[in-house]
Each structure stands twice: as structure tokens, then as C-alpha cells.
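Colleague: The structure's right below; bear with me while I get my questions together.
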Amino acid sequence: MAGRNGKKTVGSLVLSLGVCVVTAGVVYLFVPHDDSKETPVPRVDYRVELLSARRAAPYPVAAPEGLSKSWKATSVRYEAERNETWHLGFLDPDGQYVAVEQSTDKPARFIDDASQGAEATSGKQSINGAEWQRYKGDKYDALVLKEKGSTTVVTGTAGFGQLTKMAESLKMERAESA
């Protein structure tokens, strides 16, 4: 008799588990939920890192001035050990990614890395008196400024209009010596 009660117990357990799974499935189907919302990217304050980079870098470090609050800074870093690399990432007002990248690395290698493999085009444009070259890519497009000692790349998923707006807003400077 004990064996038979054991079978009933296992059978009851399986049946109960099945009922729970079906109930959970029904509840999931009928309770409203929105899986499309992404976790918002937090805004970062890059002022301290910018000041530190401008003190440490051997070139004038670029950062935007005068962009509207709808441009959201999302990432910042200065890596002296990686060819004095400066990175400042933004989301533009349409939620597209735009980054300012600078480095003392070899231009070809740095541009390829910063622009995620974008290729140089014949297009050039004058921005604030400097000639920037356009790069077109599968992932990112870019505007590139090669200067003595450093390369600046404004790149991202945004179109050339927004990349140009970022490049136009850039103020490149070094910190004053004390």
C-alpha cells in the first residue's frame, strides 16, 4: 500500500506542476507588459575628465560647447597608456550615437578603429577653418581631422548633418599651465 501512495504523490506533484505552468502562461499572456522599453542610458558629467585630459594630453583636447541640452553625454575616458586617447560619447536629440575621438596613434589605425572600419571618401568639408575628410561605413560614418601630433574623429550612427553639428561645436584646447 505504501508504494501505491508514493505513486499517487508523484503523479499529484506532476499534475500540480503542470497546472502551475499553464496558469503562469495564461497570466503572462493576459497581463500587460512592455518588453520594447530599453533601460535609459544615464547622462554623464564629463567636466572633471575633460580638465584632466586637457592637462595631460600633448594635443588640444576637443569637447563641444553650445550644444542644446537634448544632446546627452553618455561616456567619457582619457587613456594616456593607449596613445593618449580621448573619448567622449553622446546621444544626439534623435537618439543616435555621436562620439568625439582623439589620439596620437598612427592615423590610419586610429581612424579605422574609431570609425569601425569606415572608408575615406572624396568628400571634404571646411569646419571652423579646418578641412575635415568624410568617411563612410556600414556601422558608422565619420568626419576626420588630421593635425600634427594628433587625429580627431567625430563618428557614430548619426548622419553627416549631426556629425557636422558636433564638429562645429568643438572647442579644442589645452589646460593653462600653473
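The values are calculated or read from the model by the stated rules, or taken from the named source; none is laboratory data. Computed from a predicted model, the values in this text were never measured in an experiment. Note that we place each Cβ from the backbone using ideal geometry, even for glycine, and neighbour counts take in every protein chain shown. All accessible areas refer to the heavy atoms of the entire protein, side chains included, with ligands and DNA or RNA removed. Shrake-Rupley method; radii C 1.70, N 1.55, O 1.52, S 1.80 Å.
Colleague: Out of G156, G149, G117, G123, which single residue is without any contact (Cβ under 8 Å) to a residue 12 or more places away in the chain and either exposed (fewer than 14 other Cβ atoms within 10 Å of the Cβ) or closer than 19 Å to F90 by Cα (or both)?
Modeller: Numbers: G156 fails: without any contact (Cβ under 8 Å) to a residue 12 or more places away in the chain; G149 fails: without any contact (Cβ under 8 Å) to a residue 12 or more places away in the chain; G117 fails: without any contact (Cβ under 8 Å) to a residue 12 or more places away in the chain.
None of the other options fit; the residue is G123.
Colleague: Run down L88, L67 and say which single residue is in a strand (DSSP E or B), within 29 Å of P42 (Cβ to Cβ) and either touching a Ser or Thr at 6+ places or on another chain (Cβ under 6 Å) or open to solvent by less than 50 Å² (accessible area, probe 1.4 Å) (or both). Please lay out each step first, then the result.
Modeller: On the way: L67 fails: in a strand (DSSP E or B).
From the options L88, L67, the qualifying one is L88.
Colleague: Right, E168: within 20 Å of R54 (Cα to Cα), touching a residue at least 40 places away in the same chain (Cβ under 8 Å) and out of contact with any helix residue (DSSP H, G or I) (no Cβ under 8 Å at 6 or more places or on another chain) or not? Spell out how you get there, then give the answer.
Modeller: Details: within 20 Å of R54 (Cα to Cα): yes; touching a residue at least 40 places away in the same chain (Cβ under 8 Å): yes; out of contact with any helix residue (DSSP H, G or I) (no Cβ under 8 Å at 6 or more places or on another chain): yes.
It is true that E168 is within 20 Å of R54 (Cα to Cα), touching a residue at least 40 places away in the same chain (Cβ under 8 Å) and out of contact with any helix residue (DSSP H, G or I) (no Cβ under 8 Å at 6 or more places or on another chain).
Colleague: Right, here's the next one. Is it true that some residue in the stretch 108-122 is over 27 Å from V48 (Cβ atoms), among the hydrophobic types (A, V, I, L, M, F, W, C), in contact with a Ser or Thr (Cβ under 9 Å, 6 or more places away or on another chain) and not in a loop (DSSP other than H, G, I, E, B)?
Modeller: Step one: of the stretch 108-122, the residues over 27 Å from V48 (Cβ atoms) are 108-109, 111-112, 115-122.
Then keep just the ones that are among the hydrophobic types (A, V, I, L, M, F, W, C); that gives 108, 111, 118, 120.
From the residues that got through so far, the ones that are in contact with a Ser or Thr (Cβ under 9 Å, 6 or more places away or on another chain) too are 111, 118.
Subsequent filtering for residues that are not in a loop (DSSP other than H, G, I, E, B) retains 111.
Yes, the stretch 108-122 has at least one match.
Colleague: Out of Q102, Q133, report the one residue that is in contact with a strand residue (DSSP E or B) (Cβ under 7 Å, 6 or more places away or on another chain) and open to solvent by 20 Å² or more (accessible area, probe 1.4 Å). Break it down into steps so the answer makes sense when it comes.
Modeller: Values: Q102 fails: open to solvent by 20 Å² or more (accessible area, probe 1.4 Å).
Unique residue meeting the criteria: Q133.
The rows are residues; the columns are (1) modelled with pLDDT of 95 or more; (2) in a helix (DSSP H, G or I); (3) open to solvent by 70 Å² or more (accessible area, probe 1.4 Å).
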| residue | (1), (2), (3) |
| --- | --- |
| L17 | no, yes, yes |
| A24 | no, yes, no |
| S36 | no, no, yes |
| P42 | no, no, yes |
| A53 | yes, yes, no |
| A62 | yes, no, no |
| R77 | yes, no, yes |
